[in-house]
Every structure is written in C-alpha cells, then in structure tokens.
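*Asks:* To start, I am sharing the structure in question, which I have written as structure tokens.
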Amino acid sequence: MTGDRSNARAVAFYLPQFHPIPENDRWWGPGFTEWTNAAKARPLFRGHRQPHLPADLGFYDLRLPESRQAQSDLAQEFGVEAFCYWHYWFGAGSRILERPFSEVISRGEPGISFCLGWANQTWTGIWHGAADRILLQQTYPGPEDDQAHFDTIVDAFRDERYLRVNGRPVFYVFRPEELPDASAFVDRWQSMARAAGLGGLYLVAEISDLLGRGPRYTRVAEDGFDAGVYVRLPARRTRTDVLRMRARRKLGGPEAYPYSTDPTLWDPVRANPRLQPSLYPNWDNTPRAGSRGLVLTGSSPDAFAANVATATDTLRDRPEQERLLWIKSWNEWAEGNYLEPDLEHGRAWLRTLRDGLTAR
C-alpha cells in the first residue's frame, strides 16, 4: 500500500517463534512456542488485562503455509506493506528459527513484501528466571563470517518481494551498539551488496530509547547507516506515575506506566530526517517476565490512533520511498505488542492503522 493512497510505508516486525524447535524443547520443555507463555499469562494487579488471546488466526503454527498466507492476506488488507522477519545469525553459521522465512523464499509465497531484521543479541534465560544462563552467544568472528552471513541471505535480497528503498534492499540491525566496529560493518556489507549486483543496501540501525533516558546508539550518520529507527515505548512517566510504579514494585508487582499519546515523545524523529518512527499498539511482557516485566496500562485502539497520526504527520513531507513507519509488532503476543486480531478488540488494531495510513 504505497503511492498516493498511503501516508507512510508500514513495516511490521514479525516473530517466527510460533513453531516448536529442538532448542526450545531442550531449554523450556517439549512443544514450547511463543503461545506457551502467552496462553498461561494471568493478571498481576488490579486492572491488568491478561491473557491476550488470538481471534481470527487462532493459535497458528508457522510451519503451515496456510497460516503464513492468512497472515499475509490480513496484513495487506489493512495496509501493512511488509513484514520485517526477525533473523538470527549468531556467528559461524549458527542460526535458529529460520524455517518459516526459508520456506517463504523457497515457495515464493505468500505475496506480502518483506525484509530482514538481524536480531544480533545473545539469548539468555532472563525472561524465564535464569538471567545468568546463556542459551546462544552472539559472536562476531570477523569479515569472513560477514561474507558467510551475507551469502546465506543474498537470495532473499534478490527476491522481487523484498522491501526496497530507491531500489536498495532494506536490512535492519537490532543492536548496532554491540557491533565491534559498526562503521566497518556498514562498509563491508555495502561492498558485498555492490559486488553481488544489488547496487548497495538500505541499512537501518535501531535507536533504542525505551523509557526516554537516552538512546543506546547515536552514530547513525557517522557509521554510515542510511536510517535509524527511534524505538520509544509510549510510556507516561510523570512524577506521580513513577511513584505509583515504585509502590507497586515494593509489593512485588511489575513495572507499569500509563500508555501515552504525547506527541513530544517523537521529537527526536522530527528533529532528525535520518530517523524514522516506530509505534507500539501496546506493551506487556509479563507473559515472559512475570513480576519482573513492564506493562503499559490503558492502551486501546483509540490511543494507538493518536500515535499513528503523530507518526504519519512526522513522515508526511519526507521522500515517499523513505516514509517508513515501523510497527512493533505484527505478532509479539508474549510482549503484548501485536496487530493481529485478538479476543478483546477483534480487528480494531488493524483498522486503526489502515485509517491512519489513509487519513487526509
């Protein structure tokens, strides 16, 4: 959904952890998927809305092409241009959860556009009460490993469905601050892309500033990234909110703040044309983290609508190809951020996004 009909190019992050894999069976028990945490969640304080359960698409299994097709059909109906599939490369060929995307490439379906987001982070047991347990270590062996990584995904870059900006495939880096040398990384990947006949990549770095305490990474331009995505939870944190949160924490509850529609949260994006906005419909990772989690209270499709309007207005005067609006997420059910239909709101999250993308 681009061109005159849309105010922005909506890209939704897509989690592939909705099918069993041997590693998760070994770590968390047979049959574990993201649904395991989502379905067992329970309210932890008065007014806490849990569990969040799927509606139209049900408890799907991403090994089924029918499930992937249903997601694509629904996303395209409501104006999502592309999925950004989380992609895991831990170094030296170590991968995980690659099956759904590999089948998207090999089968040539579904038809929705896509890009890859490299989730370059060590996996630990932090969300399961085992913070010191290393499950998969993220490593950066060097240039030869970068070449092996690139060669593994170059066929995806060549796919006609791949999301592009001015002809260049989009590649998203989750934790640019953890790269040993981000500038050298950018140079190598651009060089490899040119050598492969791609004309270069459109490299995007995540700028994580979840609670507004300052971004983890600030060298988007200096290191040569084409864009940065400013990732900020829409959390209202007045003095009263913080005091109330601390009181709840003393009683053993999770950290919680009201969902905010304050447009100033995205001032850094308005101030820097190289930054692009990300939006959360909601956030609640207590299905994973329990009382150690963080909750946004009072979220709703109406509140989300206000933030969609702020984001699209921020992008309105930018070049059409670069009006990327990143949604966290399509299906992060155990973090409470998803666009897929649920039993509480039905398709309202999707309608809200579509209405914001087409508003005049």
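The values are calculated or read from the model by the stated rules, or taken from the named source; none is laboratory data. Just so it is clear, the model here is predicted, and its values are computed rather than measured. With ideal geometry, Cβ positions are generated from the backbone for all residues, glycine too; neighbour counts draw on all protein chains shown. With ligands, DNA and RNA removed, areas are computed over all heavy atoms of the protein, side chains included. Shrake-Rupley method; radii C 1.70, N 1.55, O 1.52, S 1.80 Å.
*Asks:* Mind listing just one residue for me: the one in region 183-208 that is part of a helix (DSSP H, G or I) and open to solvent by less than 30 Å² (accessible area, probe 1.4 Å) and, of those, farthest from residue 164 (Cα to Cα)? Spell out the reasoning first.
*Replies:* Here is the first cut: in region 183-208, the ones part of a helix (DSSP H, G or I) are 183-195.
Adding the requirement that they be open to solvent by less than 30 Å² (accessible area, probe 1.4 Å) leaves 184-186, 189-190, 192-193.
Values: 184: 23, 185: 20, 186: 17, 189: 16, 190: 14, 192: 17, 193: 13 Å.
Of everything passing the filter in region 183-208, 184 is farthest from residue 164 (Cα to Cα).
Residue-by-condition table, conditions (1) in a helix (DSSP H, G or I); (2) of a type outside the set (Asp, Glu); (3) at pLDDT 95 or above:
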residue	(1), (2), (3)
27	yes, yes, no
46	no, yes, no
49	no, yes, yes
57	no, yes, yes
61	no, no, yes
66	yes, no, yes
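*Asks:* Something else about it: Tell me the residue from 78, 83 that is open to solvent by less than 10 Å² (accessible area, probe 1.4 Å), out of contact with any strand residue (DSSP E or B) (no Cβ under 8 Å at 6 or more places or on another chain) and hydrophobic (A, V, I, L, M, F, W, C), please.
*Replies:* Values: 83 fails: out of contact with any strand residue (DSSP E or B) (no Cβ under 8 Å at 6 or more places or on another chain).
Every option except 78 fails the conditions.
*Asks:* While we're looking at this one, here's another question. Only one of 232, 194 is among the basic types (Lys, Arg), at pLDDT 95 or above and out of contact with any Asp or Glu (no Cβ under 8 Å at 6 or more places or on another chain); which?
*Replies:* Just one listed residue meets the conditions, 194.
*Asks:* Moving on to the next point. What do you reckon, is residue 151 at pLDDT 95 or above and more than 30 Å from residue 178 (Cα to Cα)? Lay out the reasoning, then the answer.
*Replies:* Working: at pLDDT 95 or above: yes; more than 30 Å from residue 178 (Cα to Cα): no.
Here the answer is no, as residue 151 does not meet what is asked.
*Asks:* In region 229-253, what residues are hydroxyl-bearing (Ser, Thr, Tyr) and either under 27 Å from the mean Cα position of the chain (by Cα) or in a strand (DSSP E or B) (or both)?
*Replies:* 230, 238
*Asks:* What tally of residues in region 254-303 results from selecting those that are open to solvent by 10 Å² or more (accessible area, probe 1.4 Å), under 26 Å from residue 32 (Cβ atoms) and more than 18 Å from the chain's Cα centre (by Cα)?
*Replies:* Counting residues in region 254-303 that are open to solvent by 10 Å² or more (accessible area, probe 1.4 Å), under 26 Å from residue 32 (Cβ atoms) and more than 18 Å from the chain's Cα centre (by Cα) gives 4.
*Asks:* Same structure again: Out of curiosity, is residue 100 touching a helix residue (DSSP H, G or I) at 6+ places or on another chain (Cβ under 6 Å), at pLDDT 95 or above and open to solvent by less than 10 Å² (accessible area, probe 1.4 Å)?
*Replies:* It is false that residue 100 is touching a helix residue (DSSP H, G or I) at 6+ places or on another chain (Cβ under 6 Å), at pLDDT 95 or above and open to solvent by less than 10 Å² (accessible area, probe 1.4 Å).
*Asks:* Tell me whether region 242-249 contains one or more residues that are at pLDDT 95 or above, out of contact with any Lys or Arg (no Cβ under 6 Å at 6 or more places or on another chain), open to solvent by 40 Å² or more (accessible area, probe 1.4 Å) and basic (Lys, Arg).
*Replies:* No.
*Asks:* So is residue 347 open to solvent by 20 Å² or more (accessible area, probe 1.4 Å), closer than 19 Å to residue 73 by Cβ, in contact (Cβ under 8 Å) with a residue 40 or more places away in the chain and among the basic types (Lys, Arg) or not?
*Replies:* yes
*Asks:* Whether any residue in region 47-56 is open to solvent by 10 Å² or more (accessible area, probe 1.4 Å), touching a residue at least 40 places away in the same chain (Cβ under 8 Å) and among the polar types (S, T, N, Q) is what I want to check.
*Replies:* yes
*Asks:* Looking only at residues that are open to solvent by 20 Å² or more (accessible area, probe 1.4 Å) and in contact with a helix residue (DSSP H, G or I) (Cβ under 8 Å, 6 or more places away or on another chain) in region 219-236, which one is farthest from residue 328 (Cα to Cα)?
*Replies:* The residue in question is 222.
*Asks:* Looking at residue 59, is it open to solvent by less than 40 Å² (accessible area, probe 1.4 Å) and not polar (S, T, N, Q)?
*Replies:* no
*Asks:* So, one more: What are the residues in region 8-24 that are more than 18 Å from residue 67 (Cα to Cα) and either crowded, with 21+ Cβ neighbours inside 10 Å or in contact with a Gly (Cβ under 7 Å, 6 or more places away or on another chain) (or both), if any?
*Replies:* The answer is 8, 9, 10, 11.
*Asks:* Give me the residue from region 124-137 that is open to solvent by 50 Å² or more (accessible area, probe 1.4 Å) and of a type outside the set (Val, Ile, Thr) and, out of that set, modelled with the highest pLDDT.
*Replies:* Of all residues in region 124-137, those open to solvent by 50 Å² or more (accessible area, probe 1.4 Å) come to 126-129, 131-134, 137.
Retained after the next criterion (residues that are of a type outside the set (Val, Ile, Thr)): 127-129, 131-133, 137.
Details: 127: 57, 128: 62, 129: 57, 131: 62, 132: 73, 133: 86, 137: 96.
Per the stated criteria, the residue is 137.
*Asks:* Farther than 30 Å from residue 170 by Cβ and either in contact with a strand residue (DSSP E or B) (Cβ under 8 Å, 6 or more places away or on another chain) or surrounded by fewer than 18 Cβ atoms within 10 Å (Cβ to Cβ) (or both): does that describe residue 216?
*Replies:* It is false that residue 216 is farther than 30 Å from residue 170 by Cβ and either in contact with a strand residue (DSSP E or B) (Cβ under 8 Å, 6 or more places away or on another chain) or surrounded by fewer than 18 Cβ atoms within 10 Å (Cβ to Cβ) (or both).
*Asks:* For region 144-166, give me the residue count where each residue is touching a helix residue (DSSP H, G or I) at 6+ places or on another chain (Cβ under 8 Å), more than 19 Å from residue 86 (Cβ to Cβ) and in a loop (DSSP other than H, G, I, E, B).
*Replies:* Total satisfying the criteria: 1.
*Asks:* Suppose the filter is assigned to a loop (DSSP other than H, G, I, E, B), on the phi > 0 side of the Ramachandran plot and modelled with pLDDT of 95 or more; does residue 214 pass it?
*Replies:* When the stated conditions are applied, residue 214 passes them.
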